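The values are calculated or read from the model by the stated rules, or taken from the named source; none is laboratory data. Just so you know, these numbers come straight off a predicted model, no measurement behind them. With ideal geometry, Cβ positions are generated from the backbone for all residues, glycine too; neighbour counts draw on all protein chains shown. With ligands, DNA and RNA removed, areas are computed over all heavy atoms of the protein, side chains included. Shrake-Rupley method; radii C 1.70, N 1.55, O 1.52, S 1.80 Å.
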Amino acid sequence: MSAPVLLVSSLSKTVNGPGGRLQLLHDINFSVNAGERVAIVGASGAGKSTLLGLLAGLDTPSTGSVHLDGVSMFDLDEDQRARLRGDNISFVFQSFQLLVNLTALENVALPLEIKGDAGALAKARKRLHEVGLAERIHHYPSQLSGGEQQRVALARAFVTEPKLLFADEPTGSLDSNTGEAVIELLTRLNQEHGSTLLIVTHDDKVARYCQRTITMEAGRIMESQA
């Protein structure tokens, strides 16, 4: 059996607050296998965003470890973590995070252009076609609906063919029908491209598209179920 893409061991996070030390995460342990779709659910303040920042190597834990594709992330320095993240991880955010002065095509191509990929525009065009935006590639974000902007964000996330994709409340800014269409598309792209998908959400309807759900409360994992 192959090693998990993501292995989280004894992860905790403590910060200094006005009233003293505040523990945000308590002894988090779980793993995610290649190609798996996993939802991390919980109410606001449960620790989901703090955990996501640690899993992506954007923050450092007080104790514990995160192994990404067998590499111990916190044995690396900040620059090494950034390279590891750039080579293996993509993100989809609630607020889309598109650059307003770039077209849909340019937004999707940007991660590849940063890496010096000569085929960036052709690959970006292909991904936009996959998400149903072939006719909108030269439109700017302000000319696109919220659902279209999130589909551009999905195309951008998958264009680098990441091993692991983090989606942080990917339907949070969308109405119910548009959100459902986006999560169905995200699930289909996950299946077609084989990327491992970790969705952070408070929405049980989104979680149902995943194969496994990890429930958090007050910085602890309360349950993990298929």
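With the gyration tensor restricted to C-alpha atoms of the range 97-150, the semi-axes of the equivalent ellipsoid amount to 18, 13, 8 Å, longest first. Across every direction, the projection of the convex hull enclosing the Cα atoms of the range 72-165 has a mean area of 6.4 nm². Using a/c under 1.5 as the rounded threshold, could you call the range 173-226 rounded, prolate or oblate? The axes a ≥ b ≥ c are square roots of the C-alpha gyration tensor eigenvalues, and prolate needs a/b larger than b/c, oblate otherwise. In terms of gyration-tensor shape, oblate. Calculated accessible area for the chain comes out at 48 Å² per residue, all protein chains present (probe 1.4 Å; ligands, DNA, RNA ignored).
Placing dummy labels 7 Å off each Cα toward the beta-carbon, the span from ASN16 to LYS126 is 5.1 nm.
For each pair in LYS13/LYS126; LYS13/LYS163; LYS13/LYS115; LYS48/LYS126; LYS126/LYS163, compute the distance between the two Cα atoms and list the pairs where it is over 31 Å. From the list (LYS13/LYS126; LYS13/LYS163; LYS13/LYS115; LYS48/LYS126; LYS126/LYS163), the Cα-Cα distance tops 31 Å for LYS13/LYS126; LYS13/LYS115; LYS48/LYS126. When a 1.4 Å probe is rolled over the protein heavy atoms, the share of accessible surface on the chain that falls to carbon and sulfur comes to 48 percent.
Considering all C-alpha pairs of the range 127-168, those separated by over 17 Å amount to 29%.
Label positions at SER173 and SER224, each projected 7 Å from the Cα along the C-beta direction, are separated by 3.1 nm.
Set the Förster distance to 45 Å, then compute FRET efficiency between GLU192 and ALA43 from the Cβ-Cβ distance, nearest 0.05.
Working: r = 32 Å, r/R0 = 0.72.
For R0 = 45 Å, the calculated efficiency reads 0.90.
Sequence-ordered 3J(HN,Hα) estimates for the range 59-64 from the Karplus curve with 6.51, -1.76 and 1.60 and θ = phi - 60° stand at 9, 10, x, 7, 9, x Hz, glycine and proline given as x. Basic side chains Lys and Arg get +1 at the Cβ, acidic Asp and Glu get -1 at the Cβ, and with that the dipole of the range 1-144 about its Cα centre reaches some 320 debye.
Once R0 is set to 35 Å, what does the formula 1/(1 + (r/R0)^6) return for the Cβ-Cβ distance between LEU102 and ASP59, expressed as a FRET efficiency to the nearest 0.05?
On the way: r = 28 Å, r/R0 = 0.80.
Computed FRET efficiency for LEU102 and ASP59: 0.80.
Protection proxy ranking, highest mean first, for peptides 13-24, 110-121, 191-202: 191-202, 110-121, 13-24, where packing is the per-residue count of other beta-carbon atoms within 10 Å, averaged.
From the Cα gyration tensor of the chain, with a ≥ b ≥ c the square roots of its eigenvalues, which class applies: rounded if a/c is under 1.5, or else prolate if a/b is larger than b/c, or else oblate? Prolate, because a/c is 1.5 or more and a/b exceeds b/c.
For the chain, DSSP calls about 50 percent of its internal beta bridges antiparallel.
How are the alpha carbon pair distances in the range 1-68 distributed across 5 Å bins from zero to the largest one, expressed in percent? Per 5 Å bin, starting at 0, the Cα pair percentages come out as 4, 15, 25, 26, 17, 7, 4, 2, 1, 0.
Please give me the summed charge of the neighbours of CYS210: other residues whose Cβ is under 12 Å from its Cβ, Lys and Arg +1, Asp and Glu -1. Write down the numbers at each step before the final one.
Details: positive: ARG37, LYS205, ARG208, ARG212; negative: GLU36, ASP203, ASP204.
That works out to +1.
Near VAL92, the amide H atoms lying under 5 Å from its own belong to PHE166, ALA167, ASP168; only residues 5 or more places off or on other chains count, and H is placed 1.01 Å from N. Each peptide in 44-50, 168-174 gets a packing score, the mean of other Cβ atoms within 10 Å over its residues, and the list from highest to lowest is 168-174, 44-50.
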